[in-house]
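Single-structure report; data block below.
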Amino acid sequence: MPPLPYVLDNTLGAAFVGMTVAAVLHGVSCVQAWYYFTHQSDRWPIKSLVAAVMFFDTVHQALITHTVYSYTITNWGNPIILDELIWSLLVEVLFNGLTALLVQSFLTMRVWRLSSRNYLLTGLTALLVIAEFACVIAFTGLSLGLKTFSRLANLEALSITVNALAAAGDVLIAATLCTILHRSRTGFHRSDTMINKLILFSVNTGFLTSLCAVGSLITIVVAGHTFLYIAFFFCIGRLYTNSLLATLNARKMIRGSADGIHSTSDNLSFSLRDLPKNGTVTSSKRPTNISIKIDTTKEFAMDRDSDQELDNDKTMHCTVGQLCYVLLWSSFVVAN
């Protein structure tokens, strides 16, 4: 009986597609990184974060390229290799986890600041992020001692946990940021426009990475014997990197929609002419013309914090003192 043919479409084919899409996304992230370092003036912590994310992302791309090259070129025509594990396929999980850890930690800090230091919400988010990275370390450490995919199947539950925690963390971060920003609406057109754009970026940041993590989770449960889940997992790190860079590079555009102070003045003027001449007015210096002008000034300003993040502060000032003074003066004149 002849041996059963190897099916390559949903194994090496899926891995090849995932590597190709990841390479395209890596090119996009490189362009965004170039734009960031040439057009943004952040302090060294944020710049170091971007540099570290790009480094881990580049190493991950090199590792998955080595994996596909080893299976399809180095071992071409050797079907036995399809059941053996290549070391780069296992190590790439760690670098994907490092990229996710840095980006999610950055977003967790944003949750901490925008939520006015909410310990419970920030702690829950940080717990999901740390738990995901701990599972990544455990998976990498245990898998490096294995030689075949059949043995790797014993770690399927751990792999499912990694993807589930990643999806849960991304959804929680996106939902939290959207809720906080929605509650920050002021009713002013310019400030609400900026908040709407911030909400859109927050949704995109969590939606794409969550979608990819859920796709990897579903495929590993439904078709764990194929490489379909690997195709999704190859791309999730690129989505984290591009989400971070897109958020940082879009700050000037968002500020441009509502930057500076927007002031409007509403003038209310009226005159008291020819006060009654009979009986009630006794002052010899009775004014014949009194003009009352009430100026109401509304201001909207955005406060740039030290590391130029997208935190905003809305202030509205009304000249209440002037209004009270005019009302008191007008009452005094009429009474006399």
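Since every read-out is calculated from the coordinates, none of them should be taken as a lab result. What you see is a predicted model; the values in this text were computed from it and never measured. Neighbour counts run over all protein chains shown; Cβ positions are idealised from the backbone, glycine included.
Of note:
- Using the Karplus relation 6.51 cos²θ - 1.76 cosθ + 1.60 with θ = phi - 60°, the per-residue 3J(HN,Hα) values for the range 171-179 come to 5, 5, 4, 4, 5, 5, 5, 5, 5 Hz, with x marking Gly and Pro.
- For the range 12-258, the share of alpha carbon pairs falling in successive 5 Å distance bins from zero is 1, 6, 13, 17, 18, 15, 11, 8, 5, 3, 1, 1, 0, 0 percent.
- Maximal additional length on extending the Arg151-Ser116 stretch stands at 7.9 nm, based on 0.36 nm per residue less the C-alpha distance.
- The modelled label-to-label distance for the pair Asn75/Leu200, using points 7 Å beyond Cα in the direction of Cβ, is 4.7 nm.
- Close amide H partners of Thr11, meaning residues 5 or more places away or on another chain with modelled amide H under 5 Å apart, are Phe227.
- Burial order of peptide ranges 230-237, 41-48, 91-98 (average beta-carbon count within 10 Å, highest first): 230-237, 91-98, 41-48
- Kirkwood-type radius of the range 1-130, with distances r between different C-alpha atoms, in Å: 17.5
- Long-range HN-HN contacts of Thr186 with modeled amide H, under 5 Å: Asp192
- In terms of surrounding Cβ atoms within a 10 Å radius of their Cβ, Tyr71, Tyr35 rank from fewest to most as Tyr35, Tyr71.
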